[in-house]
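Report on the following structure.
Laboratory data are not the source of any read-out in this text; all were calculated from the coordinates shown. Here the structure is a predicted model, which means the values were calculated and not measured. Virtual Cβ from ideal backbone geometry, glycine too; neighbours counted across all protein chains shown.
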Amino acid sequence: MMLYAHILWLAAVYAMGCGPDGDEMHRLLLGLAPFTCGFAFLLRVTRPFADIHSMLRWLGVPLLLLMPFAIRSVWQIIQSVNIESSAICAVGAPSTWQSLWAPTQIITLLLVAYMVIKVWHNVANDTTGDVPTQN
C-alpha cells in the first residue's frame, strides 16, 4: 500500500498544486521516499511464496499506469525548481530540500518501476520452469 500511496500522491500533486499549507505535500513525499524505496525492496522477499508473488504481479499494473502522471509532476518541479530556480510554492530561491525533491522522486520512481518489472520477470520465469517432466 505504501507504493500505491506514494505513486498516487505523486501523480496527484501536479493537480493539487500548493494548498493552504504551501509545500506540505511535497515535503511529505520527500519524507516518504526512503520508506517507499524500502517497501519496493520488500517485493523481493515475496519470491519464495509463488502465489503471493504472482498476485503482486497484477497489483503492479496500476502502479505502472500511474507512472506517466507521476513523471509529469516530477517534470514540473524539475522545470520550476532545478531549471528556473524558483521555489515550489513561494517566491524566491528554492531551499536545499526543494532542489533535492525531483532527483529523489526520480530515483524512487525508477526503483519502484524496476522492482515491479523484476517481479513480472521472476513470475514469468517461475511459471515456465515449473513444467513437470514425464519419465
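Isolated cysteines of the chain, defined as having no other cysteine beta carbon under 4.7 Å away, are 37. Overall, the chain carries a charge dipole of about 220 debye about its Cα centre when +1 sits on the Cβ of Lys and Arg and -1 on the Cβ of Asp and Glu, all other atoms neutral.
Would you be so kind as to identify which of 32, 122, 69 lies farthest towards the positive end of the dipole of the chain, taking Lys and Arg as +1 and Asp and Glu as -1 on Cβ and the Cα centre as origin? Looking along the dipole axis, the top candidate is 122.
Take the Cα of residue 42, step 7 Å toward its Cβ, do the same at residue 85, and the gap between the two points is 4.2 nm.
Find out how many positive minus negative residues lie around residue 87, taking Lys and Arg as positive, Asp and Glu as negative, among other residues whose Cβ is under 14 Å from that of residue 87.
Values: positive: 27; negative: 23, 24, 84.
Its environment carries a net charge of -2.
Just check region 28-126 against the gyration tensor rule for me: Cα atoms, a ≥ b ≥ c as the square roots of the eigenvalues, rounded for a/c under 1.5, and otherwise prolate or oblate depending on whether a/b exceeds b/c. Verdict is prolate for region 28-126. In this structure, residue 124 and residue 12 have a Cβ-Cβ separation that, at R0 = 30 Å, corresponds to a calculated FRET efficiency of about 0.45. Under the membrane-span-like helix rule (DSSP H runs whose alpha carbons stretch at least 30 Å along the helix axis, mean Kyte-Doolittle hydropathy -1.0 or higher), the chain yields 50-77, 96-129.
The stretch between residue 5 and residue 69 holds 21.7 nm of extra length on full extension. This uses 0.36 nm per residue minus the Cα-Cα distance. In the distance distribution for region 20-78, Cα-Cα pairs more than 19 Å apart total 48 percent.
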